[in-house]
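Below is one structure; the comments refer to it alone.
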């Protein structure tokens with residue numbers, strides 16, 4: 001969310017609304033990436049695994065998404081999956097309509113198929129391409145969305161490259177620097193973001209960072225920024241990685257975002273990760289940024305997070321959790 005949107009967003013919270021919407025637009029994905037939170041068994045809780053959920057296509061999907069936007073009136077929507085490009089025909093209709101409604105869109109994709117050329121000319125659409133490290137490791141984890149295919153499909157686009165740092169990537173000195181150098185030299189890349197792998201409770205996967213890994217990665221990213229201007233990771237975000245919220249109730253991002261899955265009705269709780277995330281190891285870039293902002297004190301007295309929490313209580317009491325239907 002842009003800084004100029006924060007005050008209007010706060011007004012929305014006071015009215016009992018959540019200004020952010022995250023939407024799993026499809027259950028389908030041709031990839032089987034290790035550690036993907038969307039396909040963890042507990043992601044949707046009692047609703048069952050994402051791949052078993054009924055999802056929508058064609059005109060029904062377009063109408064359903066527009067109805068959600070009219071209902072929740074978000075200022076910003078993240079379109080995720082599954083793989084959103086599975087529904088590229090529906091997105092060709094949806095993206096212009098959402099722009100006409102004044103909604104900023106972040107579309108997160110693996111770039112497994114070509115990205116329509118028209119999307120580059122939509123200023124309200126921000127394309128984020130997920131890359132799992134350098135080519136050898138990425139191609140092993142993300143086939144068929146290989147480096148060769150991604151580079152072909154993002155040609156003439158302007159994308160944000162997003163890498164979730166896993167423990168495997170921390171085992172070789174200079175790995176993240178190599179990654180930042182490669183993508184900094186690509187004209188199609190306009191920004192580079194790093195997140196940290198966020199585990200679920202009880203999950204002991206190869207991706208999970210040890211505490212020492214986390215500290216070392218944050219320090220490395222901080223040192224690299226001067227060498228790679230496209231690496232846009234602020235002190236606020238890095239501090240958020242070192243001091244994440246203790247629970248979803250203390251996470252401003254979780255408390256200001258409505259997360260909905262591919263049937264356009266199932267809620268994802270307690271945040272976009274679903275299930276039972278380990279908040280003390282949260283590596284979400286949005287959560288990190290808002291968490292540290294929440295620690296700032298207004299007039300040197302009250303943390304912003306406390307004012308957000310009070311605003312939500314006021315909004316829930318007087319206006320309910322959602323905006324009224326249009």
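Each value in this text was obtained by applying a stated rule to the coordinates, not by laboratory testing. Because the structure is predicted, anything quoted here is derived from the model rather than measured. Here the Cβ is made from the backbone with ideal geometry for all residues, glycine too, and neighbour counts use every protein chain on show.
The table below gives the values:
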| read-out | value |
| --- | --- |
| Cα→Cβ-extended label distance, 7 Å offset, between residue 269 and residue 223, nm | 4.4 |
| Inter-probe distance in nm under a simple model that places probes 7 Å from Cα toward Cβ, at residue 173 and residue 242 | 2.2 |
| Residues 110, 247, sorted so that the one with the fewest Cβ neighbours within 10 Å comes first | 247, 110 |
| Shape category assigned to the stretch 165-241 from the gyration tensor of Cα positions, a/c cut at 1.5 | prolate |
| Potential extension, residue 201-residue 63 segment - 0.36 nm per residue separation minus Cα distance | 46.0 nm |
| Relative contact order computed over the stretch 3-316 (Cα-Cα under 8 Å; 6+ residues apart), in percent | 22 |
| Cα gyration tensor shape of the stretch 3-316, rounded if a/c is under 1.5, else prolate or oblate by comparing a/b with b/c | rounded |
| DSSP bridge orientation in the stretch 3-316 - percent antiparallel, rounded to nearest 5 | 10 |
| Centre separation in Å (Cα based) which lies between the stretch 212-261 and the stretch 182-211 | 11 |
| Taking the stretch 134-190 and dividing mean pair separation by its residue count, relative contact order in percent (alpha carbons under 8 Å, at least six apart) | 40 |
